[in-house]
Amino acid sequence: MIILLSIIEFGCGSLMFSYWIGRMVGKRLEEIRDGNPGAFNLGHAAGFKMGVIFE
């Protein structure tokens, strides 16, 4: 059980949630501002609330 949880946690930790949320709202974060697909650019693309939630 611990091994399974460790694998799931590793998988979740390796995902860039800001990138996927940006894709869900129809924005390519690599093309916004400095090209970094992080939470700061998500805030500019999807709005302040989304940027704060995923910061």
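Some points to look at:
- Residue match in the range 3-17 (condition: of a type outside the set (Phe, Trp, Tyr) and touching a residue at least 24 places away in the same chain (Cβ under 8 Å)): no
- Elements of type helices (runs of 4 or more DSSP H) in the chain, at least 2 residues being out of contact with any helix residue (DSSP H, G or I) (no Cβ under 8 Å at 6 or more places or on another chain): 2-14, 17-24, 48-53
Read-outs: derived from the displayed coordinates by stated rules, not from any lab. Since the model is a prediction, treat every value here as computed from it, not as a measurement. Ideal geometry is used to build each Cβ from the backbone, glycine not excepted, and the neighbour counts take in all protein chains shown.
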